[in-house]
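For reference, the structure is listed below as structure tokens.
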Amino acid sequence: MTQKQTTTANKISTYLILIVLIAMSLSIVALISAVYAYTQNMIPPAGFLAIIGIFGIVMSIVSLHQNSQRSAAMKIEVPKVMTYIECKNCGTKISREFQRGDFVFKELDVCPKCPEHKQMITGVYKEIKEKEKIYEV
Amino acid sequence: MSLIPVSDIVSQVSTKVNIHSNQFFGFGGDVGWQAILQLFTVGFFFVIMFYGQRLQMRVMMKDVEGSLLKLKNIKDEGRKNAIDTLKEVGKSTVDIAPRVDRCLDYFTISPQGMDPAGIVDKLDHILDVRDQRIKDDVKIIAPQCEGTQLNNMENTLEAAMALNYIYKIVRHYYIQSKKTMSLYVVMQLQMILPIVMKEAEAYSAALKAFSLGQPIGDSVGPLIASKLMLGQEIRKVHKDCVVASVPFEGRTALIMKAEGPGGNVGKPGDAIETIIEENEGKIAMLIMIDAGLKLEGENVGDVSEGIGSAIGGPGVDAFKIEEKLVKYKIPINAIIIKEDIGDAVSPMRKEIHNAADKAIERVRELVVERTKEGDTVIIFGVGNSIGVGQ
Ligand SMILES: [Zn+2]
């Protein structure tokens, strides 16, 4: 029912990628140093370096993830506009995708069930499925 | 910020376990890497102190630049969409892009207001000329365009013009802030950008709806009027408006709206003036139904009632209506259907469509409670009549 619209906004900025890459490489260096320090039997510095390294990596992954989520939110899902057709006589209702030339209260061909009555467009609208975020205050 | 560097803590710990950091980083002696860390901390402090604002500005500029790029994309997409549609419906054989670009740059200068007496007529005239000018241009660009399509194409072109204008203004301030390197220029721009972007997105959605001829959120007023006048005899009144005389709860209701299904808001001011004069002012009540901007926290499609002329635009129509109302002392009631700016110009939402019946119930109550049988009331469905017939 929905078509995806791609905008240029959904790629993560190179600026951020650069920063994250630097942070990550520093964290990896810290981790390697931690392992090295551990092998040299220097436990406290190894612990510190390990904490710094893990913290750095977690932070960069989190910021990348947040950014990609934000850009995913920017990808707007455009619901299709539907045309709703009704026969006033027998009450048959059908809907189809909007076509150029449709408008509300346009008379169409005769109803397949009752040959004397014409069908009419009673509505042209879109239905937004996902609920908007509601702030209860 | 604490100036006690991490290195001190590290060194305390390392002395406790009796190791020397030179074993680890290979610098000469204890002092080596501590000093470097300390230097780094102090250096960082000074950088932030002296270049903090500049860094902040960099970040803001990046932010604005991103939005500007997005705006450019929206604008270009709108232009392309407009050109494609004009080509498709106009069946033009020549390249229309240069002509469309010329139209996109149109400007309107509002009348001089130093001595405001009579300014409404001046503004009205300028808007009329502008409207006609754009219509003429659409005819030149798309010679096969007529009636409904002509109106829709005019609206499409106007949406593309608005997008072009927004982009140019934002670009202007962006370049200006780059040139002056002023934090305050870029700050102002960054502050209003979220609202500007929302508006640009709304115009972009509007452009698509206009080019296809789909009813938009603003069309709810005409939709309600159409529902009321369905199956009755309809005549044209003034330019681009229609009226139908409908028996309504023992009263006579003169239901009015802009003529559809082309994109068109008509001239409600002139049309209501004409109808009031035709009835020699013997109108028991005027009810205006329009889409109204909702505040955050209100629901889309809520119906609310009030007093006053519910009509947007530059104010010319509201002025004309109010003049006549005062002359004949006609009470005016307004009913609005709540929606936000994005909903108002993008294809109609289900909630708004469903609000039409609720609004009609309100109209019925108003008429029954506040007028006598045999009275004449005017009910005007204000808004763009795109995609709504009658
Ligand atoms: Zn039928």
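Taking every DSSP beta bridge that has both residues in chain B, what percent is antiparallel when rounded to the nearest 5? Numbers along the way, then the final one.
Values: 18 of 37 bridges.
Of those bridges, close to 50 percent are antiparallel.
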Next on the checklist: What do you get for GluC sites (Glu not before Pro) in the stretch B:274-379 restricted to DSSP loop and a cutoff of at most 12 other Cβ within 10 Å of the site's Cβ?
Outcome noted: B:280, B:296, B:373
Checklist entry - With charges only on Cβ, +1 for K and R and -1 for D and E, what is the dipole size of the stretch B:217-381 about its Cα centre, in debye, rounded to 20? => result 340 debye
Next on the checklist: On C-alpha positions alone, give me the angle between the axis of helix B:268-278 and the longest principal axis of chain B, in degrees, nearest 10.
Outcome noted: 20 degrees
Next on the checklist: Going 7 Å from the Cα of residue B:54 along its beta-carbon direction, which residues of the stretch B:155-195 have the amide nitrogen within less than 12 Å of the resulting point?
Outcome noted: none
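Quickly estimate the mean residue ellipticity at 222 nm for the protein assembly as shown, helices only: each DSSP H run with n ≥ 4 gives -39500 (n - 2.57), and the total goes over all residues, rounded to 500.
Working: 14 runs with 289 residues, N = 527.
The helix-only estimate for the protein assembly as shown comes to -19000 deg cm²/dmol at 222 nm.
Under the rule that an exposed site lies in a DSSP loop and has at most 12 other Cβ atoms within 10 Å, name the longest stretch of chain B with no trypsin sites (Lys or Arg not before Pro) of that kind, not counting the sites themselves. Mind showing how you got there, number by number?
Working: sites that count: B:91, B:282, B:329, B:372.
Longest gap between qualifying sites, sites excluded: B:92-281.
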Next on the checklist: Only bridges whose two residues both fall in the stretch B:217-381 count here: according to DSSP, what percent of them are antiparallel, nearest 5?
Outcome noted: 45 percent
Checklist entry - Amide H neighbours of residue A:81 under 5 Å, counting only residues 5+ apart in sequence or on other chains, H built in-plane at 1.01 Å? => result A:98
Next on the checklist: Which one, B:314, B:159, B:363, is farthest towards the positive end of the dipole of chain B when Lys and Arg carry +1 and Asp and Glu -1 on their Cβ?
Outcome noted: B:159
Checklist outcome for this item: In whole percents, the bins of 10 Å from zero upward hold the Cα-Cα pairs of the protein assembly as shown as 3, 14, 21, 20, 14, 9, 7, 6, 4, 1, 0
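Given C-alpha coordinates of the stretch B:217-381, what is the ratio Rg to Rh with the Kirkwood estimate of Rh?
Dividing the radius of gyration by the Kirkwood radius yields 0.94.
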Item to check | Cβ-derived FRET efficiency at R0 35 Å, residue B:184 paired with residue A:25, nearest 0.05 | outcome: 0.40
Checklist entry - Order of B:335, A:57 from fewest to most other C-beta atoms within 10 Å? => result A:57, B:335
Checklist entry - Does anyone have the angle between helix B:147-180 and the longest principal axis of chain B? Alpha-carbon axes, 0 to 90°, nearest 10? => result 30 degrees
Checklist outcome for this item: Partner aspartates and glutamates whose C-alpha sits under 19 Å from that of residue B:75, ignoring same-chain residues fewer than 8 away, are B:63, B:65, B:84, B:101, B:105, B:154, B:158, B:199, B:201
Item to check | Cα principal axis extents for the stretch B:53-212, largest first, Å | outcome: 57, 44, 24
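List B:64, B:186, B:94 from most exposed to least, where exposure is judged by having the fewest other Cβ atoms within 10 Å. Walk me through the numbers on the way to the answer.
Values: B:64 20, B:186 23, B:94 8.
Going from least to most buried by this count: B:94, B:64, B:186.
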Item to check | Helix B:350-370 axis, angle to chain B major axis (alpha carbon atoms, nearest 10°) | outcome: 50 degrees
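For chain B, take N as its residue count and report Rg(C-alpha) divided by 2.2 N^0.38 Å. Working shown, then result.
Working: Rg = 30.3 Å, N = 390, 2.2 N^0.38 = 21.2 Å.
In units of the globular-protein estimate, chain B measures up at 1.43.
Could you tell me which of the pairs B:168/B:267; A:80/B:208; A:126/B:91; B:236/B:320 are separated by over 23 angstrom between their Cα atoms in the structure shown?
Details: B:168/B:267 30 Å; A:80/B:208 12 Å; A:126/B:91 30 Å; B:236/B:320 19 Å.
Result: B:168/B:267; A:126/B:91 exceed 23 Å.
To make sure I understand, if each residue's beta carbon is the centre and we count other beta carbons within 10 Å, what order do A:84, B:203 fall in, fewest to most? Walk me through the numbers on the way to the answer.
Numbers: A:84 17, B:203 26.
Least to most surrounded, the residues fall as A:84, B:203.
Please report the antiparallel percentage of DSSP beta bridges with both residues in the protein assembly as shown, rounded to the nearest 5. If you can, show how the numbers build up before the last one.
Working: 35 of 56 bridges.
If I count the DSSP bridges inside the protein assembly as shown, around 60 percent turn out antiparallel.
FYI, it's all coordinate maths here, none of it is from the lab. Because the structure is predicted, anything quoted here is derived from the model rather than measured. Neighbour counts run over all protein chains shown; Cβ positions are idealised from the backbone, glycine included.
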